[in-house]
Amino acid sequence: MNKKVTLLFLVALLMITFIIGCKGEKSSNTGMIKDSIDSSSVVTDSVLAEKDVPLVVDSIGKSFNSSNIQVDLAYSFPVSGPQPLVDSLRAFLRTELEGTVGVYSSTTSKIKSYKNLSNGRGMINYYAKLAYKNLCGINDDADSAECILASELSTCVMKKCETKSYVTYRSFSYIYSGGAHGMAGDVGFTFDKKTGEKVQKILSPKHIKALQPMLKTGFKSYFREMAKSNGIRNVESEVKNNMDNLLQEYKIISLPENGVSLSPEGVVFIYGEYEAGCYAIGMPTFTVPYSKIGKYLSPKARRLVGLN
């Protein structure tokens, strides 16, 4: 009997030792895994999470100025990140600069593209110099003294926001070559970080009627802020007046001609000068939160903002 009790006691002791050892080993391994995850700047949720590689950019600018000519170019140039995205953005920046320079081209021949897309400083210097040369040529041939007095070209293409799924750039430009005022443009562009693809279809025109309440709310918000910043006392009266004068076809507010873009806060709408009304209202800009507009996004846009 004593031998039996002793045997049972030894078995129990061995089991306890084994359990404690397993727990200790599990705790040690868990700590090692935790340390490994904590030391990584990329994986945050789990070792199985998709690697989030941030886009690293360099802000580069170039200016040429004289007594009557001003050229200012600037952009967020991709230095590193997901390679498809880097390649796509560099090509996009070249296209944006070529479009700006082409406005003042005094020749009908196609602008010679800058070849080395990996050289951010070289590319912006090339297009800034070309833009300045074009402006000088136009001024030399100008019949208007007003045009000769001042010409200006400014383009700024900067990274606006970035999430783990997409990057959005904003391209702002201003051109003046005489007259009462210059012309400005502001457009947002969203890129898929994984593929580098520019997201073309974020909203479909087929939902235009359903979007009307959101668009009207957005315009009212823009006009309200504009009235306040201009020191207008009767803000709501000014808002109503601007809403009454919106350019609408069959009482329908159209989507922006240059499309919309994505941001962490929602879908960003930017209407160009004269697109929604007179020059005085500027470029109406507002954001509609995903909680309201989410169901009208394209499948790709929904995936990028995490609504799937």
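Values as computed for the structure displayed
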{"item": "Tally, over the stretch 153-172, of residues that are closer than 15 Å to G266 by Cα, surrounded by fewer than 18 Cβ atoms within 10 Å (Cβ to Cβ) and among the hydrophobic types (A, V, I, L, M, F, W, C)", "result": "1"}
{"item": "Test result for S237, of a type in the set (S, T, N, Q) and exposed (fewer than 12 other Cβ atoms within 10 Å of the Cβ)", "result": "yes"}
{"item": "Subset of the stretch 208-234 [touching a residue at least 40 places away in the same chain (Cβ under 8 Å) and crowded, with 18+ Cβ neighbours inside 10 Å]", "result": "L211, M214, L215, G218, F219, Y222, F223, M226"}
{"item": "In the stretch 192-217, residue farthest from A276 (Cα to Cα) [restricted to those that are outside any helix (DSSP H, G or I) and of a type in the set (K, R)]", "result": "K194"}
{"item": "Top-ranked residue of the stretch 51-84 - restricted to ones that are surrounded by fewer than 12 Cβ atoms within 10 Å (Cβ to Cβ) and farther than 16 Å from E162 by Cα, ranked as modelled with the highest pLDDT", "result": "N65"}
{"item": "Flag if S67 is within 24 Å of the chain's Cα centre (by Cα), in the same structural domain as T163 (by TED's automatic domain parsing) and among the hydroxyl-bearing types (S, T, Y)", "result": "no"}
{"item": "Filtered residues of the stretch 152-183 (kept if of a type in the set (G, A, S) and outside any strand (DSSP E or B))", "result": "S165, S177, G178, G179, A180, G182"}
{"item": "Residue list for the stretch 252-282, filter: of a type in the set (A, V, I, L, M, F, W, C) and under 14 Å from L215 (Cα atoms)", "result": "I252, I253, L255, V260, V267, V268, F269, I270, A276"}
{"item": "Selection count, the stretch 229-261, where residues are within 17 Å of G277 (Cβ to Cβ) and part of a loop (DSSP other than H, G, I, E, B)", "result": "14"}
{"item": "Condition met for Y114 (touching a strand residue (DSSP E or B) at 6+ places or on another chain (Cβ under 6 Å), hydroxyl-bearing (S, T, Y) and at pLDDT 95 or above)", "result": "no"}
{"item": "Positions within the stretch 262-308 being closer than 17 Å to T163 by Cα and assigned to a loop (DSSP other than H, G, I, E, B), in sequence order", "result": "P264, E265, P289, V305, G306, L307, N308"}
{"item": "Residue within the stretch 200-207 that is within 18 Å of F269 (Cα to Cα) and among the aliphatic types (A, V, I, L, M) present", "result": "yes"}
{"item": "Unmet requirement for T190, which otherwise passes all of (1) surrounded by fewer than 13 Cβ atoms within 10 Å (Cβ to Cβ); (2) within 16 Å of the chain's Cα centre (by Cα)", "result": "(1)"}
{"item": "Considering residues of the stretch 271-284 that are surrounded by 15 or more Cβ atoms within 10 Å (Cβ to Cβ) and of a type in the set (G, A, S) only, the residue nearest to the chain's Cα centre (by Cα)", "result": "G272"}
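One line per residue, one yes/no per condition, for (1) modelled with pLDDT of 95 or more; (2) over 14 Å from G218 (Cβ atoms); (3) under 16 Å from the mean Cα position of the chain (by Cα):
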| site | (1), (2), (3) |
| --- | --- |
| V235 | yes, yes, no |
| N241 | yes, yes, no |
| N245 | no, yes, no |
| E249 | no, yes, no |
| V260 | yes, no, yes |
| F269 | yes, no, yes |
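The values are calculated or read from the model by the stated rules, or taken from the named source; none is laboratory data. Source: prediction; values computed, not measured. Quick reminder, even Gly has a Cβ in these numbers, built from the backbone with ideal geometry, and neighbours come from all protein chains shown.
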